[in-house]
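Colleague: Next up is a structure, given as structure tokens.
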Amino acid sequence: MQNLIAKRAAQELKSGSVVNLGIGIPTLVANHIADGDIFFHTENGLLGVTDVNEADIDPNIVNAGKLPVGEAIGASYFNSAESFAMIRGQHVDVAILGVLQVDAKGLIANWAVPGKNIMGVGGAMDLLTGAKKIIVTMSHTSKDDTSKILKECTYPITSTRSVNLIITELAVFEVRNGELYCIEIMPNSSIEEIREKTKAPFKEDWHNNGGQAR
Amino acid sequence: MKIFSTAKEAIEKLESNQTIMVGGFGLIGAPLTLIDELTQKDVSGLTIISNNLGEKGKGLGILVNQKKVKKGIGSYFTSNRDVGDAYQRGELELELLPQGTLAESIRAGGAGIGGYYTNTGVGTELSVGKEEKEINGVKYIFEPALTANVALVRAWKADTLGNLVYYKTARNFNPMMATAADYVIAEVDEIVQPGELSPEEIITPHLFVNGIVKAAKILTKDGVKSIG
């Protein structure tokens with residue numbers, strides 16, 4: 001399921017893009033990039049993230065999830081202030097991130113859960129502020145089967161900016177002028193299942209798929 | 001600029017109730033030898049400015065468990081559960097900032113800037129109580145600069161003047177922190193003669209640095225190891 005979502009997200013990345021990948025499903029997106037023409041940015045200070053073989057692991061080369069990564073040819077290192085200047089300054093083309101909830105306007109919550117200690121935000125708010133395009137990759141429902149797409153987020157929002165695209169194992173939604181449009185039904189899913197498991201109002205637009213739901 | 005032969009001497013001037021910046025993203029690029037020495041030192045009431053407060057029982061995490069830290073200012077404390085527990089017990093104050101705001105506030109502090117406006121966090125729980133201002137139709141919040149009494153940073157190589165270069169993603173917050181404190185100590189793998197580092201590659205010029213010491217604890221694939 002995760003790979004299905006990651007593969008679909010990878011299709012959104014244009015050649016030459018600078019892309020920041022969040023933790024979880026977003027990390028898998030890199031596995032579905034055919035050519036080497038995408039530049040992966042990690043906010044802890046590396047442009048040119050690539051995978052690393054077990055034997056070549058350097059404990060001082062990690063991504064934002066503190067997992068070991070490799071350095072691509074043409075890579076560069078920089079400090080955290082410069083890294084976030086790249087993000088806030090709109091020099092990063094796409095950020096792909098996981099969320100806890102997304103609402104009818106495309107606002108997301110991905111940094112805090114009420115009732116639990118609010119202990120970490122990391123770069124989430126900066127990415128929402130500055131990345132030119134935001135793609136959310138997530139499971140459609142949480143572990144207890146409740147929808148993660150809600151009329152309004154019940155968790156604290158990450159930004160007042162809407163995301164651009166939401167990809168789940170069931171559907172792809174585009175956010176247009178603060179409204180959700182279901183634009184694609186994922187393999188082995190149906191519009192009935194999407195309707196049942198989406199607790200936010202959405203419109204349907206299949207023009208990208210020849211007017212068909214699939 | 002002083003070259004210290006031990007981490008103990010390097011942190012001799014540190015006192016209780018000081019504000020200390022500590023470099024690193026988790027343990028990566030953290031001055032592990034200086035932190036270890038700080039855990040041996042009889043200090044309390046410290047305010048620590050660092051992205052994380054170490055990992056559970058490691059790095060700055062030890063300092064938290066020893067109750068030497070009064071307040072932590074950082075962006076991500078989640079990875080060390082002890083921090084949350086100490087916070088719940090009312091033993092530790094925390095100030096959470098977006099990671100880019102943390103970095104920029106330290107940069108501003110080192111550059112003599114009092115504060116700045118950013119649109120990161122506008123309209124969220126982290127903007128509560130912060131001054132809001134609209135500039136060219138965009139909403140921003142004011143963030144004050146951060147400075148400290150002491151900065152403990154991790155670099156790769158230093159020359160004997162105190163010029164520093166960094167290694168890979170271990171650079172992270174270290175170069176900004178080296179500019180933003182009254183007293184800056186760098187822990188390094190190697191100390192070389194002036195001229196051995198290319199002037200083009202020096203990231204932190206020596207005027208920012210008060211002292212250097214060689215690392216005795218390093219991060220390896222298998223965790224933190226003592227060397228030398």
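The values are calculated or read from the model by the stated rules, or taken from the named source; none is laboratory data. Quantities reported herein were computed from a predicted structural model and do not represent experimental measurements. Cβ: placed from backbone, ideal geometry, glycine included. Neighbour counts: every protein chain shown.
Colleague: Out of A:15, A:76, A:80, which single residue is in contact with a Lys or Arg (Cβ under 9 Å, 6 or more places away or on another chain) and among the small types (Gly, Ala, Ser)?
Modeller: Being in contact with a Lys or Arg (Cβ under 9 Å, 6 or more places away or on another chain) and among the small types (Gly, Ala, Ser) holds for just one of A:15, A:76, A:80, which is A:80.
Colleague: Would you confirm, using the coordinates I've provided, whether residue B:121 is away from chain A (no Cβ under 11 Å), part of a loop (DSSP other than H, G, I, E, B) and modelled with pLDDT of 95 or more?
Modeller: Details: away from chain A (no Cβ under 11 Å): no; part of a loop (DSSP other than H, G, I, E, B): yes; modelled with pLDDT of 95 or more: yes.
It is false that residue B:121 is away from chain A (no Cβ under 11 Å), part of a loop (DSSP other than H, G, I, E, B) and modelled with pLDDT of 95 or more.
Colleague: So which helices (runs of 4 or more DSSP H) are wholly in the stretch B:1-95 and hold at least 1 residues that are farther than 22 Å from residue A:68 by Cβ and out of contact with any Gly (no Cβ under 9 Å at 6 or more places or on another chain)? Give the derivation first.
Modeller: Numbers: elements: B:7-10, B:32-40, B:60-65, B:81-88.
Answer list for the stretch B:1-95: B:7-10, B:32-40, B:81-88.
Colleague: If you don't mind, another one. Could you go through the stretch A:91-98 and let me know if any residue there is touching a residue at least 40 places away in the same chain (Cβ under 8 Å), part of a strand (DSSP E or B), closer than 30 Å to residue B:86 by Cβ and more than 7 Å from chain B (Cβ to nearest Cβ).
Modeller: To start, the set of residues in the stretch A:91-98 that are touching a residue at least 40 places away in the same chain (Cβ under 8 Å) comprises A:91-98.
Next cut, part of a strand (DSSP E or B) only: A:94-97.
Okay, now just the ones that are also closer than 30 Å to residue B:86 by Cβ, so A:97.
After this cut, where a residue has to be more than 7 Å from chain B (Cβ to nearest Cβ) as well, the list is A:97.
The answer is yes, given that some residue of the stretch A:91-98 is touching a residue at least 40 places away in the same chain (Cβ under 8 Å), part of a strand (DSSP E or B), closer than 30 Å to residue B:86 by Cβ and more than 7 Å from chain B (Cβ to nearest Cβ).
Colleague: Let me ask something additional. Among (1) more than 22 Å from residue B:59 (Cβ to Cβ); (2) part of a strand (DSSP E or B); (3) among the small types (Gly, Ala, Ser), where does residue B:162 come up short?
Modeller: (2)
Colleague: While we're on this one: Specify the residue that is nearest to residue B:101 (Cα to Cα); the eligible residues are those in the stretch B:129-156 that are basic (Lys, Arg) and more than 12 Å from the chain's Cα centre (by Cα). Before you say what the answer is, go through the steps one by one.
Modeller: Going through the stretch B:129-156, the residues basic (Lys, Arg) turn out to be B:130, B:133, B:139, B:154.
From the residues that got through so far, the ones that are more than 12 Å from the chain's Cα centre (by Cα) too are B:130, B:133, B:139.
Values: B:130: 13, B:133: 16, B:139: 15 Å.
This residue is B:130.
Colleague: Please indicate, with yes or no, whether at least one residue in the stretch A:162-173 is within 14 Å of chain B (Cβ to nearest Cβ) and part of a strand (DSSP E or B). Lay out the reasoning, then the answer.
Modeller: Going through the stretch A:162-173, the residues within 14 Å of chain B (Cβ to nearest Cβ) turn out to be A:162.
Cutting the leftovers down to part of a strand (DSSP E or B) gives us none.
No, because not a single residue in the stretch A:162-173 is within 14 Å of chain B (Cβ to nearest Cβ) and part of a strand (DSSP E or B).
Colleague: Next question. Starting from residues that are in a strand (DSSP E or B) and either under 16 Å from the mean Cα position of the chain (by Cα) or of a type in the set (A, V, I, L, M) (or both), keep the ones in the stretch A:38-48 and report whichever is nearest to the other protein chains (Cβ to nearest Cβ). Explain how you work it out, then say what you get.
Modeller: First, the residues of the stretch A:38-48 that are in a strand (DSSP E or B): A:39-42, A:46-48.
The next check asks that each one be either under 16 Å from the mean Cα position of the chain (by Cα) or of a type in the set (A, V, I, L, M) (or both); those that pass are A:39-42, A:46-47.
Working: A:39: 16, A:40: 13, A:41: 12, A:42: 8, A:46: 5, A:47: 11 Å.
Once the filter is applied, the top-ranked residue is A:46.
Colleague: Looking at this structure, is residue A:29 crowded, with 19+ Cβ neighbours inside 10 Å, more than 12 Å from every other protein chain (Cβ to nearest Cβ) and in a strand (DSSP E or B)?
Modeller: On the way: crowded, with 19+ Cβ neighbours inside 10 Å: yes; more than 12 Å from every other protein chain (Cβ to nearest Cβ): yes; in a strand (DSSP E or B): no.
In short, no.
Results for (1) among the basic types (Lys, Arg); (2) over 17 Å from residue B:25 (Cα atoms); (3) surrounded by fewer than 16 Cβ atoms within 10 Å (Cβ to Cβ), shown as yes or no for each residue.
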position: B:151; (1), (2), (3): no, no, no
position: B:156; (1), (2), (3): no, no, no
position: B:171; (1), (2), (3): yes, no, no
position: B:178; (1), (2), (3): no, no, no
position: B:185; (1), (2), (3): no, yes, no
position: B:189; (1), (2), (3): no, yes, yes
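Colleague: Do you know which of the residues in the stretch A:145-161 that are outside any strand (DSSP E or B) and of a type in the set (Ser, Thr, Tyr) is nearest to the other protein chains (Cβ to nearest Cβ)?
Modeller: Filtering the stretch A:145-161 down to residues outside any strand (DSSP E or B) leaves A:145-146, A:148, A:151-161.
Cutting the leftovers down to of a type in the set (Ser, Thr, Tyr) gives us A:146, A:154-155, A:158-160.
Numbers: A:146: 22, A:154: 13, A:155: 10, A:158: 7, A:159: 7, A:160: 4 Å.
This residue is A:160.
Colleague: Of the residues A:157, A:149, A:118, which is more than 14 Å from the chain's Cα centre (by Cα), crowded, with 16+ Cβ neighbours inside 10 Å, modelled with pLDDT under 95 and of a type in the set (Val, Ile, Thr)? Explain how you work it out, then say what you get.
Modeller: Working: A:157 fails: modelled with pLDDT under 95; A:149 fails: modelled with pLDDT under 95.
The conditions single out A:118.
Colleague: Okay, moving on. Name the single residue, out of those in the stretch A:62-80 being surrounded by fewer than 23 Cβ atoms within 10 Å (Cβ to Cβ) and free of Cβ contacts under 8 Å to residues at least 24 places away in the same chain, that is nearest to the other protein chains (Cβ to nearest Cβ).
Modeller: Result: A:66.
Colleague: Quick one: which of A:35, A:126, A:58 is out of contact with any strand residue (DSSP E or B) (no Cβ under 8 Å at 6 or more places or on another chain) and within 7 Å of chain B (Cβ to nearest Cβ)? Break it down stepwise before answering.
Modeller: Numbers: A:35 fails: within 7 Å of chain B (Cβ to nearest Cβ); A:58 fails: out of contact with any strand residue (DSSP E or B) (no Cβ under 8 Å at 6 or more places or on another chain).
One residue alone meets the criteria, A:126.
Colleague: Name the pairs: first residue in the stretch A:123-144 and in contact (Cβ under 8 Å) with a residue 12 or more places away in the chain and in a helix (DSSP H, G or I), second residue surrounded by fewer than 17 Cβ atoms within 10 Å (Cβ to Cβ) and not hydrophobic (A, V, I, L, M, F, W, C), Cβ to Cβ under 7 Å, at least 6 apart or on different chains?
Modeller: Once the first residue is in contact (Cβ under 8 Å) with a residue 12 or more places away in the chain and in a helix (DSSP H, G or I) and sits in the stretch A:123-144, its partners that are surrounded by fewer than 17 Cβ atoms within 10 Å (Cβ to Cβ) and not hydrophobic (A, V, I, L, M, F, W, C) give A:130/A:89; A:130/A:90.
Colleague: Is it the case, given these coordinates, that residue A:189 is of a type in the set (S, T, N, Q) and more than 30 Å from residue B:81 (Cα to Cα)?
Modeller: Numbers: of a type in the set (S, T, N, Q): yes; more than 30 Å from residue B:81 (Cα to Cα): yes.
Yes: the conditions hold for residue A:189.
Colleague: Also, I was wondering about something else. Within the stretch B:103-114, is even one residue assigned to a loop (DSSP other than H, G, I, E, B) and among the polar types (S, T, N, Q)? Show your work before the answer.
Modeller: If we filter the stretch B:103-114 for residues that are assigned to a loop (DSSP other than H, G, I, E, B), which is where we start, we get B:111-114.
When the remaining residues are screened for being among the polar types (S, T, N, Q), the result is none.
No, that holds for no residue.
Colleague: Taking the conditions exactly as written (touching a residue at least 40 places away in the same chain (Cβ under 8 Å), more than 28 Å from residue B:201 (Cβ to Cβ), within 8 Å of another protein chain (Cβ to nearest Cβ) and buried (at least 23 other Cβ atoms within 10 Å of the Cβ)), does residue A:106 satisfy them or not? Walk me through it before giving the result.
Modeller: Working: touching a residue at least 40 places away in the same chain (Cβ under 8 Å): yes; more than 28 Å from residue B:201 (Cβ to Cβ): yes; within 8 Å of another protein chain (Cβ to nearest Cβ): no; buried (at least 23 other Cβ atoms within 10 Å of the Cβ): yes.
The answer is no for residue A:106.
Colleague: Right, next: When the residues of the stretch B:87-96 are filtered to those that are within 11 Å of another protein chain (Cβ to nearest Cβ) and modelled with pLDDT under 95, which remaining residue is farthest from residue B:57 (Cα to Cα)?
Modeller: Among residues in the stretch B:87-96 that are within 11 Å of another protein chain (Cβ to nearest Cβ) and modelled with pLDDT under 95, the one farthest from residue B:57 (Cα to Cα) is B:88.
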